[in-house]
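Trainee: Quick one: the structure is below, and I'll ask about it shortly.
Any read-out appearing in this document is the output of simple, stated calculations on the displayed coordinates, not a laboratory observation. This is a predicted model, so every value here is computed, not measured. Quick reminder, even Gly has a Cβ in these numbers, built from the backbone with ideal geometry, and neighbours come from all protein chains shown.
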Amino acid sequence: MVRIRDVHSLAAAFVLNALPEDECAEFEAHLAHCPLCGDEVDGMWAAVAHLIQALARDPDPAIRARLVSRLADRA
């Protein structure tokens, strides 16, 4: 069981699905009564969604060319 003062630190692990099953259930129960953690989790899920969208796009060809050039210069 997670102590109440520690449960607030579990938001990121919860969003990343990195909590053990018992801690996940405890955090979900905590979310039902803690708007602060709810807002934090919502913000993290939004950030994760933006990252997924960004990673799904093909990089700008000019940016890719600059990156390849810089890497070649270092080799």
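Trainee: Given the options Leu71, Leu19, Leu67, Leu10, name the one that is free of Cβ contacts under 8 Å to residues at least 24 places away in the same chain and exposed (fewer than 10 other Cβ atoms within 10 Å of the Cβ).
Mentor: Working: Leu19 fails: exposed (fewer than 10 other Cβ atoms within 10 Å of the Cβ); Leu67 fails: exposed (fewer than 10 other Cβ atoms within 10 Å of the Cβ); Leu10 fails: exposed (fewer than 10 other Cβ atoms within 10 Å of the Cβ).
Leu71 is the lone residue from the list that is free of Cβ contacts under 8 Å to residues at least 24 places away in the same chain and exposed (fewer than 10 other Cβ atoms within 10 Å of the Cβ).
Trainee: Would you mind telling me which numbered condition in (1) exposed (fewer than 11 other Cβ atoms within 10 Å of the Cβ); (2) assigned to a loop (DSSP other than H, G, I, E, B) Ala62 fails?
Mentor: The failed condition is (2).
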